[in-house]
Amino acid sequence: MTRFPAVDGLRVIAALAVVVSQVGLHTQAPFAGVVSRLDVGWAIFCAISGFLLYRPHVLAWFSGTLPPLTLPYLRSRALRILPALLVAVVLSIVLVPHPATTYLRWAVLTPLPFYLLLPGLGRLLTGYERPTRRSVRWRLLVLVALTALGPVWMAAVMATGHPAAGLWLPGYLGWFAVGMGMALWQVARATGRLGPSTLDTLTRVPGTLWGIAAALLLITATPIAGPYDHSTPTAAQALTKSLLYTVVVACVLFPVLTPTAGTVRVLGSRPAQLAAQLSYGVVAYQFVVLGLLDGPFAVQLPVTLLASVVLAAVSYRLIERPVVKNAAVAKTESNAISPSSSPAR
């Protein structure tokens, strides 16, 4: 399987969750605890990125081919992220009367250190030995250990009075590691490096895992996971929230890797695919929209959603897609005239 259609729908759900949580932070939202914890959408985005970006390294390891080249990979990430990000930052600076760029920077730029780290991390975790069942299991254990880094880091920075350090890479690396571990498991299972297990049964009952995720999210909506705004939590609250989010992300993502027909029909539908193309733009532009709005939650939410979708659609059509397309054409032309592609004389 080279494409995971149900991931598109999950990406859309994550974007909607992020927008709702951000509107809740700007207003007196009903069910404030549940609304605030929908920021778990950030963790879902991280896990999806970890899965999709690490999987090519695993495939190369298993097939004995070269891993993805670093420069083309970084180029593709930059082309995907920077156009909408730069436009959103400029709009925020020009239009927003107060500095919303602070939120925009941490919300959209937070994944960048992981993107830069991934080529080296991918080589480290897929090199040095053949992909036997034993080597796969060891790497899975390493990735499981990395998932614990986030909760431990968050507790440590709160306990030592450095809450801003929670935005550093260790604070969210565990969510990426969840996706990376699932990429390794999925390829290993598909190629026979790992045998059948209880995990295969769980993929056939997605509702069970999603129900567990919903129950855990309700637990995080209590004060046990900290305040509902940007107030500094205690070390125990930060640890609990990060740990529960990690489990929620795992329960949400796992069923879409080997989805049932019903899951694909809903999350992999054509509308979900189209909406997924706009999800990054919606997340970026919603900060600009929120900076211009004032009013109750019931008003700001639909206005923010609609305006963000419109801005994301215009941006995708007029900026993001043309940039990627022109870059692809330029690359093709460059390869066509390069000496290495010339016929031998």
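The values are calculated or read from the model by the stated rules, or taken from the named source; none is laboratory data. Quick caveat: nothing in here was measured; it's all calculated off a predicted structure. Counting neighbours? That spans all protein chains shown, and the Cβs are built from the backbone with ideal geometry, glycine included. These area figures cover heavy atoms from the full protein model, side chains too; ligands, DNA and RNA do not enter into them. Shrake-Rupley method; radii C 1.70, N 1.55, O 1.52, S 1.80 Å.
Points worth noting:
- Ordering 38, 274 by accessible surface, largest first, gives 274, 38; the 1.4 Å probe counts only protein heavy atoms, with every chain in place.
- Residues of the chain: accessible area per residue with a 1.4 Å probe, Å²: 49
- Accessible surface of the chain [probe 1.4 Å, protein heavy atoms]: carbon and sulfur percent: 71
- At R0 = 45 Å, FRET efficiency that the Cβ-Cβ distance of residue 294 and residue 124 yields, to 0.05: 0.40
- Kirkwood-type radius of the stretch 181-248, with distances r between different C-alpha atoms, in Å: 14.2
- Dipole of the chain, positive end: most advanced residue of 9, 292, 56 [Cβ charges, Cα centre]: 56
- Highest average first, the peptides 148-156, 197-205, 161-169, 115-123 ordered by how many other beta carbon atoms sit within 10 Å of their residues are 148-156, 115-123, 161-169, 197-205.
- Among [x] -0.64, -0.93, -1.09, -1.44; [y] -0.90, -1.07, -1.15, -1.32; [z] -0.59, -0.82, -0.95, -1.24, the entry that matches log10 I(q)/I(0) by the Debye sum over Cα atoms at q = 0.10, 0.12, 0.13, 0.15 Å⁻¹ as calculated here: [x]
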